[in-house]
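For reference, the structure discussed in these notes is given below.
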Amino acid sequence: MTLTIVLLGASALIGIGLYGALSQQSFVMLMMGLELMLNGALLAIMGFWSQGIGGPPEAQLLAIIVMAVMAVEMAIGFALVVAVYRKRQADVTESLGTLKG
Amino acid sequence: MILALVLFAVWSGWRVFVVDSMVRASFSLLASFVAVGGAGVLMSASYIGVATVFMMAVEMMVMAIFMVAFMMNPAGLNPMSMVHQNRLSMAAGALAFLGLSAAVLTADLPDRPVPPETRVVFDLGLELLGPSMLIFETAGVTLLATMVGAVVLSSQQGRFGSADEGSRPPGLTENGEPAGRVPDESGGHHMHHGGHGDHGGDVDGASDHGQGHDHGGHHHGHAAKGDPS
């Protein structure tokens, strides 16, 4: 029962995050959508770990990897936002019609 | 209790995209992460849950700073909606939710909770510094590479000259307005970026003096290749 609740919540978070990542115009809000999807993934991993497979310690490393991915995504994402803003004065996705640097 | 935390996580995750202020959006995302961390603690993943809360608290503070630095309307004084392809995105989000929920509801979920006498954090510590050390170290090296990459991407002065070298065409006159298409023109958002004359002008001027003007916007790659250092 707990696992069902947790997984439903995780899928709701992933759905909301997907909506945000697809619909937001500004880069920072877009990254919040990505973070929200990773949040849902983290919730699902913790739910499965604690309710589904009896809590082996090595399975928690998947959650640690997801957290590392969150940190990498955010750091590189903001660095890219800074670089793009410096080159194009752009902070919304519409301003970037081309990949040329 | 877990139900309440999960519901709160979903609700505050939804708030991220409906509030008017970027800072409020950032803090509702933080609330969502804290709720997920709390659910993790309740599900006996105490290390992961607490680590999530700590990490995300710092991360959202950084995010709030970026919000104030980059976004229009950080204080939420005006209604804000900056969306495109809204219906498609809503359909995609709803489809993802419904598809995953259908999978959850129809699947035969396993039911093997963590035994209450398990020493979760103790076992995790032995695992991290024992058999799974390679994974742990790989995550560490990845984070180090991320730090280097973030600094390289965001530094103003790169190894081969100024960071926006070659991104703007040279002016028609010395230190003048950049010739040709102005990249910002199609943006159509509400922030005024201080114009291209005063902000970008001095940087452009410096780079024009450093490298020849004749290649225009294309000479960054050549400069990188030709430099023996």
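The values are calculated or read from the model by the stated rules, or taken from the named source; none is laboratory data. These numbers were taken from a predicted model, which means no experiment stands behind them. So basically every Cβ, Gly included, is an ideal-geometry build from the backbone, and we count neighbours across all protein chains shown.
General remarks:
- Per-region count, the stretch B:103-129, residues of a type outside the set (A, V, I, L, M) and in a loop (DSSP other than H, G, I, E, B): 10
- A:Ser23 modelled with pLDDT of 90 or more, of a type in the set (Gly, Ala, Ser), buried (at least 20 other Cβ atoms within 10 Å of the Cβ) and under 18 Å from B:Gly37 (Cα atoms): no
- Applying a threshold of 9 Å to beta carbon distances and a minimum spacing of six or more residues, or different chains, the list of pairs starting in the stretch A:51-66 at a residue that is outside any helix (DSSP H, G or I) and ending at one that is buried (at least 16 other Cβ atoms within 10 Å of the Cβ) and of a type in the set (Phe, Trp, Tyr) reads A:Gly55/A:Trp49; A:Pro56/A:Trp49.
- Positions within the stretch B:82-103 being more than 23 Å from A:Thr93 (Cα to Cα) and either more than 7 Å from every other protein chain (Cβ to nearest Cβ) or in contact (Cβ under 8 Å) with a residue 60 or more places away in the chain (or both), in sequence order: B:Leu95, B:Leu98, B:Gly99, B:Ala102, B:Ala103
- From the list B:Ala31, B:Ala9, B:Ala4, B:Ala69, the one residue that fits, being in a helix (DSSP H, G or I), small (Gly, Ala, Ser) and in contact (Cβ under 8 Å) with a residue 24 or more places away in the chain, is B:Ala9.
- Check on B:Thr118, modelled with pLDDT under 90 and of a type in the set (Val, Ile, Thr): yes
- Of all the criteria given as (1) surrounded by 24 or more Cβ atoms within 10 Å (Cβ to Cβ); (2) under 17 Å from the mean Cα position of the chain (by Cα); (3) within 26 Å of B:Thr146 (Cβ to Cβ), the one not satisfied by A:Val69 is (1).
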